[in-house]
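> First the structure, then my questions, so here it is.
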Amino acid sequence: MTIRDGKGARAAKAKGRAAENAVVDYLRDTHGIQAERRRLAGSSDLGDIAGWPGVVVEVKSEKRITLAGYMDELAAEVDAATSEFGWHQIGLCVVKKRGTSDVSQWYAVLPFGEAVKLIRRGSTT
């Protein structure tokens, strides 16, 4: 376990906020989604971004990418949001790609089963 001093924790939070703001700006400016950053909610966390109905968005900007941990966190948030809103939510983790601030080039990670559902829904075959 890594223990951060106050300065390191503040820097990590600032980095996370900046990534969340970048995703919000991208969704609003490029796709017209009325996204906004969600306030921290502790154990009833519904994701980092609000305003995209039916989608739980978790944003990660870390030096080391740990997909399994991200997916566990996302699954808990999807469960909480599904309970809160009464219908199934799709979970999406947006992971900052090192070396670029272009959000369209960041990674979108979701469980394979959800990806198949989305692709089939959008497919004409």
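> Any residue at all in the stretch 33-42 that is in a helix (DSSP H, G or I) and either over 21 Å from A9 (Cα atoms) or free of Cβ contacts under 8 Å to residues at least 24 places away in the same chain (or both)? So that I can check it myself, show each step before the final result.
Initial filter on the stretch 33-42 (in a helix (DSSP H, G or I)): 42.
From what's left, either over 21 Å from A9 (Cα atoms) or free of Cβ contacts under 8 Å to residues at least 24 places away in the same chain (or both): 42.
The answer is yes; a qualifying residue exists.
> Would you confirm, using the coordinates I've provided, whether A80 is under 26 Å from R28 (Cβ atoms) and of a type in the set (G, A, S)?
Values: under 26 Å from R28 (Cβ atoms): yes; of a type in the set (G, A, S): yes.
For A80, the condition - under 26 Å from R28 (Cβ atoms) and of a type in the set (G, A, S) - is met.
> Among the residues of the stretch 71-85, which ones are touching a strand residue (DSSP E or B) at 6+ places or on another chain (Cβ under 8 Å) and either without any contact (Cβ under 8 Å) to a residue 12 or more places away in the chain or crowded, with 19+ Cβ neighbours inside 10 Å (or both)?
Filtering the stretch 71-85 for residues touching a strand residue (DSSP E or B) at 6+ places or on another chain (Cβ under 8 Å) gives 71, 73-75, 77-78, 81.
Correct list: L74, E77, V78, A81.
> In the stretch 21-51, what count of residues is obtained for those that are over 21 Å from D79 (Cβ atoms) and crowded, with 18+ Cβ neighbours inside 10 Å?
So the count comes out to 5.
> What about R64, is it at pLDDT 95 or above and among the basic types (K, R)?
Numbers: at pLDDT 95 or above: no; among the basic types (K, R): yes.
No.
> Here is a follow-up. Going through the stretch 86-125 one residue at a time, which ones are hydrophobic (A, V, I, L, M, F, W, C) and touching a residue at least 12 places away in the same chain (Cβ under 8 Å)?
Residues satisfying the conditions are W87, I90, L92, C93, V94, V95, V103, W106, A108, V109, L110, L118.
> Starting from residues that are within 15 Å of the chain's Cα centre (by Cα) and among the small types (G, A, S), keep the ones in the stretch 83-114 and report whichever is nearest to V24 (Cα to Cα).
Taking the stretch 83-114 and keeping what is within 15 Å of the chain's Cα centre (by Cα), we get 89-97, 103-111, 114.
Going one step further and asking which of them are among the small types (G, A, S), we end up with 91, 104, 108.
Working: G91: 16, S104: 12, A108: 14 Å.
Looking at the filtered set, the residue picked out is S104.
> Taking the conditions exactly as written (modelled with pLDDT under 95, among the charged types (D, E, K, R) and more than 20 Å from A22 (Cβ to Cβ)), does R121 satisfy them or not? Step through it out loud before you land on a result.
On the way: modelled with pLDDT under 95: yes; among the charged types (D, E, K, R): yes; more than 20 Å from A22 (Cβ to Cβ): yes.
So R121 passes the test.
> Could you look through the stretch 83-104, keep only residues that are of a type in the set (A, V, I, L, M, F, W, C) and not in a helix (DSSP H, G or I), and pick out the one that is modelled with the lowest pLDDT? Walk me through it before giving the result.
Initial filter on the stretch 83-104 (of a type in the set (A, V, I, L, M, F, W, C)): 85, 87, 90, 92-95, 103.
Next, only the ones that are not in a helix (DSSP H, G or I) stay: 87, 90, 92-95.
Values: W87: 88, I90: 93, L92: 96, C93: 97, V94: 98, V95: 98.
Top of the filtered list is W87.
> Okay, moving on. Hey, does the stretch 105-113 have a residue that's part of a loop (DSSP other than H, G, I, E, B) and out of contact with any helix residue (DSSP H, G or I) (no Cβ under 9 Å at 6 or more places or on another chain)?
Of the residues in the stretch 105-113, the ones part of a loop (DSSP other than H, G, I, E, B) are 106, 110-111.
Still in the list and also out of contact with any helix residue (DSSP H, G or I) (no Cβ under 9 Å at 6 or more places or on another chain): none.
No: zero hits.
> Okay, moving on. Could you check the stretch 31-65 and list, in sequence order, the residues that are more than 24 Å from K117 (Cα to Cα) and β-branched (V, I, T)?
I65
> Can D29 be described as more than 14 Å from the chain's Cα centre (by Cα) and not small (G, A, S)? Full working, then the answer.
Details: more than 14 Å from the chain's Cα centre (by Cα): yes; not small (G, A, S): yes.
Here the answer is yes, as D29 does meet what is asked.
The values are calculated or read from the model by the stated rules, or taken from the named source; none is laboratory data. Computed from a predicted model, the values in this text were never measured in an experiment. Note that we place each Cβ from the backbone using ideal geometry, even for glycine, and neighbour counts take in every protein chain shown.
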